[in-house]
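The next block holds one structure in the form of structure tokens; read it before the comments.
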Amino acid sequence: MQTSPGFRPLRVPFARRAPRACHRRGGQRPHRHAGPGAAGVWGGVGVRRGRVVLGAVGVAVVGWVVAVPLAGVSLRVRAGGGGGEPAVVHGVGFAMVVVAAVLAGVAAAVLLAVLERRTRRAGRWWVNIAGATLASSFAGPLRAADVATGMALAGLHLLVGVTLLVGFARTIRCSPPADGC
């Protein structure tokens, strides 16, 4: 069968193709792009992101245990104090650390999901926004009652922030090859 020079074979839109190397990984190893039906052995993207949030909470709990019971640091921060009134000192307890880690993780997951649906290169946008948020979160430990508390709170912020950044960066959905994630 002869074909003309401009002939292109007919493509079946739902035909199964061999996996190709992902452009995000430098073409090193083939994998399926995350998306509907790409759950695989370890679960879908939502399950993996839930595990990242749980990991961030676990890291926060370990950091709190090391700082408070083991090192004996009393986590106290100043609040208020504007307008000539004295600042009120609040304690940062175990529950506050857990709730803050959960809220940060859920907010990061929601932001990433929205960016993936609404923008191209959601990964780049998300990493930039998450990095800026982590950097700005260090303003909180500046209100610490003493230096040891400030260092412990900064360590907790860093532990949770880096866990979320690295964990969620591994779950970013890659749109097919034209996009640079």
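The values are calculated or read from the model by the stated rules, or taken from the named source; none is laboratory data. The model shown is predicted, which means the values in this text are computed figures rather than measured ones. Cβ: placed from backbone, ideal geometry, glycine included. Neighbour counts: every protein chain shown.
Remarks
- Scanning the range 80-100 for residues that are outside any loop (DSSP other than H, G, I, E, B) and exposed (fewer than 10 other Cβ atoms within 10 Å of the Cβ) gives GLY82, GLY83, GLY84, ALA95.
- Condition met for ALA148 (of a type in the set (A, V, I, L, M), surrounded by fewer than 19 Cβ atoms within 10 Å (Cβ to Cβ), in contact (Cβ under 8 Å) with a residue 60 or more places away in the chain and in a helix (DSSP H, G or I)): yes
- For LEU111: the one exception among (1) touching a residue at least 24 places away in the same chain (Cβ under 8 Å); (2) closer than 22 Å to VAL162 by Cβ; (3) surrounded by fewer than 18 Cβ atoms within 10 Å (Cβ to Cβ): (1)
- Among residues of the range 122-142, those that are in contact (Cβ under 8 Å) with a residue 40 or more places away in the chain and either surrounded by fewer than 18 Cβ atoms within 10 Å (Cβ to Cβ) or within 12 Å of the chain's Cα centre (by Cα) (or both), counted: 5
- Listed conditions (1) of a type in the set (S, T, N, Q); (2) surrounded by 16 or more Cβ atoms within 10 Å (Cβ to Cβ); (3) more than 22 Å from VAL62 (Cα to Cα) are all met by THR119, apart from (2).
- Any hit, the range 151-165, residues being aliphatic (A, V, I, L, M) and at pLDDT below 90: no
- Contact annotation: residue pairs with Cβ atoms under 7 Å, 6 or more positions apart or on different chains, pairing a residue in the range 55-72 that is in contact (Cβ under 8 Å) with a residue 40 or more places away in the chain with a partner that is among the polar types (S, T, N, Q) and in a helix (DSSP H, G or I), are GLY55/THR163; ALA56/THR163; VAL59/THR163.
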